[in-house]
Amino acid sequence: MMKLNCLSTTKAISDARERSLSLSEKAGMFTHLLYCPYCRAFKIQCENMSGLMRAFKMTEKTNEK
């Protein structure tokens, strides 16, 4: 299992949006998120931003019709 720091964890969180993480990356990220409130907050913010972008995209499609 990879031991991740905050920099590599936030990179893994971002990368996970574009590709599948390896089992080692997932395990390292999960372990780091257990004890780091800052990276947990970053993950939640990324999830919220993705949801907002999806909603905006759907709004744009609706307005084009």
Quiz item: Mind checking which pairs have a first residue in the stretch 35-62 that is without any contact (Cβ under 8 Å) to a residue 60 or more places away in the chain and of a type in the set (Lys, Arg) and a second that is surrounded by 10 or more Cβ atoms within 10 Å (Cβ to Cβ) and in a helix (DSSP H, G or I), Cβ under 7 Å, 6 or more apart or different chains?
Solution: Arg40/Leu33; Lys43/Ile13; Lys43/Leu33
Self-check item: Residues of the stretch 2-41 satisfying the condition of being over 14 Å from the mean Cα position of the chain (by Cα) and among the hydrophobic types (A, V, I, L, M, F, W, C)
Solution: Met2, Leu4, Leu23, Ala27, Leu34, Cys36
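Kindly provide the set of residues from the stretch 22-44 that are in a helix (DSSP H, G or I) and either β-branched (Val, Ile, Thr) or exposed (fewer than 15 other Cβ atoms within 10 Å of the Cβ) (or both), ordered by number.
Narrowing the stretch 22-44 to residues in a helix (DSSP H, G or I): 23-35, 37-44.
Within the stretch 22-44, Leu23, Ser24, Phe30, Thr31, Leu34, Tyr35, Pro37, Tyr38, Ala41, Ile44 qualify.
Values quoted throughout were computed directly from the atomic coordinates according to the rules given, and no laboratory measurement underlies them. Values in this document were obtained by computation on a predicted structure and should not be read as measured data. In this analysis, Cβ positions are derived from the backbone assuming ideal geometry, glycine residues included, and neighbour counts consider all displayed protein chains.
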